[in-house]
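The values are calculated or read from the model by the stated rules, or taken from the named source; none is laboratory data. If you're wondering where the values come from, they're calculated on a predicted model, not measured in any experiment. No Cβ is skipped: glycine too gets one built from the backbone with ideal geometry, and neighbour counts run over all protein chains shown.
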Amino acid sequence: MDPYETERDTMIRDQLERRGLENPRVLAAMRAVPRHLFVKSNLREHAYADRPLTIGFFQTISQPYVVALMCDLLELKETDNVLEIGTGSGYAAAVLSQLCERVTTVERIPELAEKARETLTQADCPNVTVHCGDGSLGFPQEAPFDAILVSAAAPSVPESYRQQLGIGGRIVIPAGQSRSAQSLYRVRKKSDTEFSTEDLGGVAFVPLIGEEGWRDV
Ligand code: SAM
């Protein structure tokens, strides 16, 4: 038996269901993924806490609720081809891997990409591929995508993501002109030239650094 099963059940009840998250597929995915494998060993006891945790390199593994909410907003189907930008620990990619057919995830920091690859193998996520590079440009080699989840905040929605999305596809992305506070947006592609955008409220993510993101300082 997994020693963290009870903590995971508590996380789902107190952090997700109590906040109104009802999507049974997303709740099952959050129950299935061993989040404790994706945090630093000295932080294991906090793995299921209601907050982000440091993963080194000034980056974080997102709060469980934020991962679940973004997955819910993407309206994923089992057959979907999904792109995630900002692999970090690999946790969100692991949750996505339970909800769709294929996940391509891109991380700009080589050490995090390598560690995430190892953890995703350990967590048995064979349908996830980790790439290292500037994810602000998307990943055209695997496009078109049914859904794109962006785990870092951009100044605006990168044009590359709009282009690499299939018709009917969804992007969930934190974006805004301030590096410290942004809104969460859901963008839907209605045709090659038509998109709808919903503003889902304020969030705070680390910056997306790259050609179509923020410049590194
Ligand atoms: N999804 C991650 C998880 O489950 O652990 C958390 C992501 S963390 C909040 C944001 C990540 O985005 C960081 O690891 C950061 O290095 C990465 N990042 C920032 N700019 C990027 C870019 N242009 N391309 C790829 N990754 C980027």
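Identify all residues within the stretch 192-213 that are out of contact with any Lys or Arg (no Cβ under 7 Å at 6 or more places or on another chain) and either within 15 Å of Val157 (Cβ to Cβ) or not in a loop (DSSP other than H, G, I, E, B) (or both); write none if there are none.
Thr193, Glu194, Thr197, Asp199, Gly201, Gly202, Val203, Phe205, Leu208, Glu211, Glu212, Gly213
Is it fair to say Phe38 is of a type in the set (Phe, Trp, Tyr) and surrounded by fewer than 19 Cβ atoms within 10 Å (Cβ to Cβ)?
no
I'd like the full set of residues that are farther than 17 Å from Arg8 by Cβ and near the ligand (Cβ under 8 Å from one of its atoms), limited to the stretch 91-104.
Ala93
Part of a helix (DSSP H, G or I), basic (Lys, Arg) and surrounded by fewer than 24 Cβ atoms within 10 Å (Cβ to Cβ): is that true of Arg44 in this structure?
yes
For the stretch 173-184, check the following and say yes or no: at least one residue is basic (Lys, Arg) and more than 16 Å from the ligand (Cβ to nearest atom).
For the stretch 173-184, residues basic (Lys, Arg) and more than 16 Å from the ligand (Cβ to nearest atom): absent.
Search the stretch 178-193 for residues that are at pLDDT 95 or above and pair each with any residue that is of a type in the set (Val, Ile, Thr) and assigned to a loop (DSSP other than H, G, I, E, B) when their beta-carbon atoms are under 8 Å apart and the residues are at least 6 apart or on different chains.
Tyr185/Val157; Val187/Val157
Condition first: near the ligand (Cβ under 8 Å from one of its atoms) and either among the β-branched types (Val, Ile, Thr) or free of Cβ contacts under 8 Å to residues at least 60 places away in the same chain (or both). Now tell me which residues in the stretch 70-86 satisfy that.
If the condition is that a residue be near the ligand (Cβ under 8 Å from one of its atoms) and either among the β-branched types (Val, Ile, Thr) or free of Cβ contacts under 8 Å to residues at least 60 places away in the same chain (or both), then Ile85 is the only one that fits.
Taking the stretch 102-138 as the region of interest, how many residues are surrounded by fewer than 21 Cβ atoms within 10 Å (Cβ to Cβ) and under 26 Å from Arg162 (Cβ atoms)?
10
Answer yes or no as to whether Thr10 is within 12 Å of the ligand (Cβ to nearest atom) and either in a loop (DSSP other than H, G, I, E, B) or exposed (fewer than 14 other Cβ atoms within 10 Å of the Cβ) (or both).
So Thr10 does not fit the description; no.
Listed here are the residues, each with its yes/no results for (1) more than 16 Å from the chain's Cα centre (by Cα); (2) within 11 Å of the ligand (Cβ to nearest atom); (3) in a loop (DSSP other than H, G, I, E, B); (4) not aliphatic (A, V, I, L, M).
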residue	(1), (2), (3), (4)
Tyr65	no, no, no, yes
Ala68	no, no, no, no
Gly88	no, yes, yes, yes
Glu111	yes, yes, no, yes
Glu114	yes, no, no, yes
Thr129	no, no, no, yes
Ser136	no, yes, no, yes
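(1) in contact (Cβ under 8 Å) with a residue 60 or more places away in the chain; (2) not in a loop (DSSP other than H, G, I, E, B): which one isn't true of Gln163, the others all being true?
Of the numbered conditions (1) in contact (Cβ under 8 Å) with a residue 60 or more places away in the chain; (2) not in a loop (DSSP other than H, G, I, E, B), the odd one out for Gln163 is (1).
Among the residues of the stretch 139-155, is there at least one that is assigned to a loop (DSSP other than H, G, I, E, B), over 20 Å from Met30 (Cβ atoms) and touching a His at 6+ places or on another chain (Cβ under 9 Å)?
yes
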